[in-house]
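Any read-out appearing in this document is the output of simple, stated calculations on the displayed coordinates, not a laboratory observation. Since we're looking at a predicted model, the values are computed, not measured. Glycine also receives a Cβ, built like all others from the backbone with ideal geometry; neighbour counts cover every protein chain displayed.
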Amino acid sequence: MALRKNTSLFTGLFILALSWRVRGKMEVDMEDRVEVLLKDTAQISCVFTSEEGTGGTMIHWTYINWLYERKRIFYWDSAMQVMERDTPLYGRMNVSRTGVSGEVEVVLTIRDVQLGDEADYICEVMSLTDGSDAGHTRLRVFATPEFPSIEKEQTGISVTKEDPSKIGSCEVRNGYPKPNITWYRDHTPLQNTPGEVIIVTKNTVESSRLVTVHSELQLKVSKSDKDASFYCEVSYLVPGGTRMTESELINITVHYPSTAVNMWVESPTGTIIQGDTVEIHCQGNGYPQPPITFFHNKKELKSTTPLVLPDVTRLHNGNYSCLSFDLETFEEMASQLELFVNFLDPAVLDPKDTTVVQTGDAVSVTCNALSTLPTHTVWFKNGEQVAEGHVLKLEAELDTSGTYVCVVTVPTLERLETSGAIRVYVQGPPVISETEETETLLEERMDASVNLSCHAKGYPTPTLTWTASDSQVLKGVSHNQTEEEVTSMISVKVTSDLTVHCHAASVQGNDSKVFRIKAILQTTPPAPPTTTITTTASSITGLPKKNAKKEGNGVIIAVIIICLLLLAILGSVLYFLYKKGKIPYGRSGKQDLTKEKSTKNSIVVEMKSENNEEAVLLQGVNGEKKLPNDQ
């Protein structure tokens with residue numbers, strides 16, 4: 001600053017000395033200041049008035065730089081123009097002149113302005129008749145700084161520290177003149193305040209004369225600063241004014257102790273039931289969270305926060321508490337809650353698993369499940385509901401046998417469900433299916449095979465045997481047996497009328513069924529080789545005898561009609577051949593019907609019924625009668 005004052009003083013003295021020398025009417029007019037951005041083009045104007053004009057005028061351009069060095073940069077008279085080579089402006093400047101008498105303007109133009117070009121530029125005009133005069137202009141150069149960068153303190157800052165702590169730093173590079181940095185908290189400027197705010201700024205002048213400014217903010221933080229935003233504002237000069245730019249926002253991490261601890265069940269929300277995974281959180285209102293210790297019924301648990309309890313049962317019921325210990329303040333705080341798990345125990349049946357009863361007995365089975373809430377019980381057999389309530393009552397019959405499942409639910413909690421099953425066996429004599437039809441009548445063609453099936457129920461499982469009418473024991477082709485049912489199948493060949501017996505026997509009694517098969521001669525096209533006969537009404541393939549007879553008569557009539565049609569066609573052909581003379585025929589001649597080989601002209605057609613009841617010989621064509629000697 002002292003250097004600039006001395007330079008200005010020197011320039012003023014120089015101009016004053018020149019003014020004393022003025023005897024004529026020479027006057028020089030220049031701007032006080034010209035401002036330009038770095039690397040732009042600067043124009044400095046020198047205007048003078050002379051009655052003599054430029055013919056006898058000399059013009060000197062000099063400058064005084066920031067080192068108080070005065071150098072001539074340009075000389076101009078009526079005979080020559082000289083551009084000084086030993087100045088930093090050489091090659092980047094030129095001088096132009098307009099006007100020859102009266103008011104004359106001389107302009108110094110500097111291209112690609114550098115910071116070293118900043119100086120006081122003096123224009124001195126001398127005339128032999130009008131005397132001399134001089135003026136000067138201050139050239140100011142400005143450089144726009146880079147965008148400011150800001151960094152926050154990476155570690156947390158505790159509110160318990162007595163002295164201000166470093167919050168962050170802000171830096172702006174390569175500005176000219178020196179930029180200024182101002183810190184803000186939530187749009188409020190911060191200033192140095194003893195014990196509260198400390199701002200430390202450092203300026204660095206680069207070799208290029210550009211200036212870098214580094215600023216550091218120290219602050220005594222409070223809990224409210226955890227939500228505050230900090231930034232720095234940079235202001236810098238430009239030609240004709242001042243501009244500002246702001247850095248990015250930063251947030252700091254503030255450490256503050258807890259004043260209370262809260263404990264809650266994070267999941268599941270609502271009612272807790274057995275099998276759930278329970279997650280319990282414990283958190284203080286400070287930061288960072290202090291170490292947490294969990295307890296169940298005052299017994300310490302080895303767990304970190306959150307506390308996770310997988311697959312909970314009633315054993316997890318009780319009091320849960322958490323204890324926090326602040327490592328800075330050494331204070332302890334606690335919180336607690338009660339946990340209650342709703343449960344439904346496995347179903348218990350009485351009697352268990354299986355029960356055996358006699359036919360006609362009353363059966364009573366109970367199904368209960370212990371629960372924290374009211375339950376509802378439903379009984380199922382083969383997937384269908386058969387009863388409701390925790391007691392199942394049955395009247396023992398053969399069809400009563402089977403597996404009964406009780407399903408116990410909690411109406412208010414759909415996820416709670418349990419079940420149990422019991423197998424009921426009813427003892428009694430075996431029963432063959434469809435006992436109301438103790439005898440089955442069948443008709444089947446000769447040499448056909450018939451499959452007979454017999455199904456019986458009973459407990460213990462009955463034994464099935466097959467016998468023929470001659471007491472011969474028949475061997476089955478398949479045999480399937482369960483705990484209460486048995487199915488057997490045999491295959492018999494029909495060679496005559498048959499009677500087959502199916503016997504079911506156990507320690508409880510016996511039952512039987514008779515199959516009577518009537519063999520019939522084949523009078524129709526062959527039927528399928530085998531027919532399966534079962535004891536159920538829907539699976540018997542044999543038809544009643546009356547229906548079978550009607551079907552056979554219809555087929556015979558159809559065959560006779562077809563044969564008559566064929567005979568009529570053949571008769572027409574023979575008559576046609578006779579008319580053409582292809583068949584010799586005469587009343588006096590007699591055809592030999594006893595030759596070993598027949599010829600084309602000796603054709604005999606014979607038609608017989610399958611019962612050998614009729615024989616028809618072809619006697620003539622179109623109703624003609626043959627003579628006795630032609631027969």
Karplus (6.51, -1.76, 1.60) ³J(HN,Hα), θ = phi - 60°, over the range 204-211, in Hz, Gly and Pro reported as x: 10, 8, 6, 4, 7, 6, 6, 10
Amide H partners (placed H, <5 Å) of THR253, local residues excluded: ILE157
Label zone at LEU339 (point 7 Å along Cα-to-Cβ), backbone N below 19 Å, the range 276-290: 276-284
Calculated from backbone phi, Karplus (6.51, -1.76, 1.60) coupling profile of the range 65-82 in Hz, x at Gly/Pro: 8, 5, 9, 6, 8, 10, 9, 7, 10, 7, 9, 9, 9, 5, 9, 7, 10, 10
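Shape verdict for the range 347-502, please, from the Cα gyration tensor: rounded (a/c under 1.5), prolate (a/b greater than b/c) or oblate. Could you put the intermediate results ahead of the total?
Values: a/c = 3.88, a/b = 3.08, b/c = 1.26.
Prolate.
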Candidates per GluC sites (Glu not before Pro) in the range 58-109, loop by DSSP, up to 14 other Cβ within 10 Å: GLU69
Chain lengthening between ASP361 and ASN510 when straightened (0.36 nm per residue, less Cα-Cα): 51.6 nm
Tensor-based shape of the range 146-262 (alpha-carbon gyration tensor, a/c under 1.5 rounded, otherwise prolate or oblate): prolate
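What's the local net charge at GLU216, with K and R +1, D and E -1, over the other residues with C-beta under 9 Å away? Intermediate values should be presented prior to the final figure.
Working: positive: LYS166, LYS202; negative: none.
Charge balance in the 9 Å sphere: +2.
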Nearest-0.05 FRET efficiency for THR499 and ALA568, computed from C-beta distance (R0 51 Å): 0.60
Taking the C-alpha atoms of the range 261-339, convex hull volume expressed per residue in Å³: 85
Note, ³J(HN,Hα) from phi for the range 195-201, Karplus 6.51, -1.76, 1.60, rounded to Hz, x at Gly and Pro: x, 10, 10, 10, 10, 10, 10
Label-point separation in nm, GLU332 to GLU233, each point 7 Å along Cα→Cβ: 5.2
Simple spin-label estimate for SER471 and THR41 in nanometres, 7 Å along Cα-Cβ: 14.2
Nearest-0.05 FRET efficiency for SER267 and VAL386, computed from C-beta distance (R0 35 Å): 0.30
